[in-house]
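Here is the structure we will look at, set down as structure tokens.
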Amino acid sequence: MPKVMIVDDDRTTVNLLETLLTMDGFDVALVARGQDVLRAARQERPDVFLIDHHLSDIDGSEVVRQLRADPDFAQAPIVIASGMNVEDEARRAGADLFLFKPLEPDTLADTLKGLL
């Protein structure tokens, strides 16, 4: 079962995504703060990351840069999501894919699986 790490501080969004992705066959790990991602990732060993760009402590692009700098996650599939068009910034930081929020529940699991 593939594991996705959802990095988002919006509890409603996180609950919805966790339910949806669990039903679609993912093991889900949750992190609310960007500064906690590396520590949690080392513990959880996710196969793919889904990161909100606008976190309360640091922006998602900075989280991506930190993951890319770590040899364990330098090649991990990373998706950044935002309601604003920050695709260029996300790609420059090293994200594999940018998705607009609200996310499409019908295609999200397939999109993540396609990156694995």
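Sum -39500 (n - 2.57) across every DSSP H segment of at least 4 residues in the chain, then divide by the residue count to get the 222 nm mean residue ellipticity, nearest 500. Show your work: numbers first, answer last.
Details: 5 runs with 46 residues, N = 116.
Mean residue ellipticity, 222 nm, calculated: -11500 deg cm²/dmol.
Amide H of ILE51: which non-local residues (sequence gap of 5 or more, or other chain) have their own amide H closer than 5 Å, using H built in the peptide plane?
When sequence neighbours closer than 5 places are left aside, the close amide H contacts are VAL7, VAL79, ILE80, ALA81.
Rank ASP36, ASP59, ASP96 by mean-square fluctuation in a GNM of the chain with C-alpha springs under 10 angstrom and give only the top-ranked residue.
ASP36
Looking at the square roots a ≥ b ≥ c of the eigenvalues of the Cα gyration tensor of the stretch 3-115, which shape do they give, rounded for a/c under 1.5, prolate if a/b is larger than b/c, or oblate?
rounded
Can you work out the Karplus-derived ³J(HN,Hα) for every residue in the stretch 69-76? Use 6.51 cos²θ - 1.76 cosθ + 1.60 with θ = phi - 60°, whole Hz, and x for glycine or proline.
Karplus values, whole Hz, x for Gly and Pro: 7, 9, x, 5, 10, 4, 10, 5.
What ranking do THR22, THR12 get, fewest neighbouring Cβ atoms within 10 angstrom at the top?
Numbers: THR22 14, THR12 8.
Ranking THR22, THR12 by Cβ neighbours within 10 Å, fewest first, gives THR12, THR22.
Go through the stretch 43-113 and name the trypsin sites (Lys or Arg not before Pro) that are in a DSSP coil and have 16 or fewer other Cβ atoms within 10 Å of their Cβ. Spell out each step's value before the answer.
Working: sites: ARG65, ARG68, ARG91, ARG92, LYS113; in loops: none.
Answer by residue number: there is no such site.
Could you tell me which of ALA29, THR12, GLN75 has its Cα farthest along the dipole of the stretch 3-115 towards the positive end, charges placed at Cβ (Lys, Arg +1; Asp, Glu -1), taken about the Cα centre?
The one lying farthest along the dipole's positive direction is GLN75.
Here, each number is a calculation from the coordinates, and none is a lab measurement. Everything quoted here is computed from the prediction, not taken from an experiment. When we count neighbours, we look across all protein chains shown, and the Cβ atoms used for this are built from the backbone with ideal geometry, even at glycine.
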